[in-house]
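To keep things clear, I will list the structure first and then write my remarks on it.
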Amino acid sequence: EDQVTQSPEALRLQEGESSSLNCSYTVSGLRGLFWYRQDPGKGPEFLFTLYSAGEEKEKERLKATLTKKESFLHITAPKPEDSATYLCAVPPSIKAAGNKLTFGGGTRVLVKP
Amino acid sequence: DTGVSQDPRHKITKRGQNVTFRCDPISEHNRLYWYRQTLGQGPEFLTYFQNEAQLEKSRLLSDRFSAERPKGSFSTLEIQRTEQGDSAMYLCASSLGPGLADEQYFGPGTRLTVT
């Protein structure tokens, strides 16, 4: 069964202190990997899709990268408004049917001013 | 706003009662998904529709749960004889298809509390 593991579970940063979040997956034949941001009490908000190893995507202070076994979400010079839970998710392998996403447990990021 | 909408946003019910939630997807999206999320966890897949056809159901979806998507538009998720373990956030998402990895866009969720 597909598995997604995120680390750390929680991250406390000072404003401006850059860091990285990790998402490791066990899917043979990756269709793609998604990153979402989730604020408390709200639904996940789509950030990025990565399709192949070596690919990078950027949005403001966030950059997502992908290798064959894991993905990283780098937060550069974070601001308090970057505080949220960041989720990664994968669809089934290219050999499997369906489109359900398997999510990791998320990393809760708190950026203090 | 043309995003995914869900109704109600909050529902408190007593154990044993039936509840029904509604999801309106983004208008041109033909794929619709239901997930459940408990505190501190990532969302877990429940079921998936392509147009009006229910193509996949999770083993999590016991026979007390039923979902429909009449005419391939909005969807409803019904939970019969609710139990305290059903307390969770119920999330709906939609995607355009037909790709193998199309982005799913989530609604704000319905928070269910079973007392």
Practice prompt. Could you list all residues from the range A:68-101 that are at pLDDT 95 or above and of a type outside the set (A, V, I, L, M, F, W, C)?
Written response: A:Glu70, A:Ser71, A:His74, A:Thr76, A:Pro78, A:Lys79, A:Pro80, A:Glu81, A:Asp82, A:Ser83, A:Thr85, A:Tyr86
Worksheet entry | Of the criteria (1) away from chain A (no Cβ under 11 Å); (2) open to solvent by 10 Å² or more (accessible area, probe 1.4 Å), which one B:Ile79 fails | (2)
Response to the item:
For the range B:82-115, the count of residues that are outside any loop (DSSP other than H, G, I, E, B) and either more than 14 Å from chain A (Cβ to nearest Cβ) or open to solvent by less than 30 Å² (accessible area, probe 1.4 Å) (or both) equals 15
Discussion item. I need a count of the residues in the range B:1-29 that are within 30 Å of B:Asp102 (Cα to Cα) and assigned to a strand (DSSP E or B).
Written reply: 9
Worksheet item: What residue, among those in the range A:13-33 that are in a strand (DSSP E or B), open to solvent by less than 70 Å² (accessible area, probe 1.4 Å) and not small (Gly, Ala, Ser), is nearest to A:Gly105 (Cα to Cα)?
Response: A:Cys23
Worksheet item: Exactly one of (1) at pLDDT 95 or above; (2) within 14 Å of the chain's Cα centre (by Cα); (3) not basic (Lys, Arg) is unmet by B:Thr115. Its number?
Response: (2)
Worksheet entry | Candidate set from the range A:34-61 (those that are polar (S, T, N, Q) and either within 18 Å of A:Thr107 (Cα to Cα) or out of contact with any strand residue (DSSP E or B) (no Cβ under 9 Å at 6 or more places or on another chain) (or both)); member that is surrounded by the most Cβ atoms within 10 Å (Cβ to Cβ) | A:Gln38
Worksheet item: Could you say which residue among A:Ala64, A:Ala10, A:Ala77 is aliphatic (A, V, I, L, M), open to solvent by 20 Å² or more (accessible area, probe 1.4 Å) and touching an Asp or Glu at 6+ places or on another chain (Cβ under 9 Å)?
Response: A:Ala77
Discussion item. When you scan the range A:16-24, do you find a residue that is touching a residue at least 24 places away in the same chain (Cβ under 8 Å) and within 11 Å of another protein chain (Cβ to nearest Cβ), even just one?
Written reply: yes
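The values are calculated or read from the model by the stated rules, or taken from the named source; none is laboratory data. Worth saying up front: this structure is predicted, and the values here are computed from it rather than measured. Ideal geometry is used to build each Cβ from the backbone, glycine not excepted, and the neighbour counts take in all protein chains shown. What goes into the accessible areas is simple: the full protein's heavy atoms, side chains included, and nothing from ligands, DNA or RNA. Shrake-Rupley method; radii C 1.70, N 1.55, O 1.52, S 1.80 Å.
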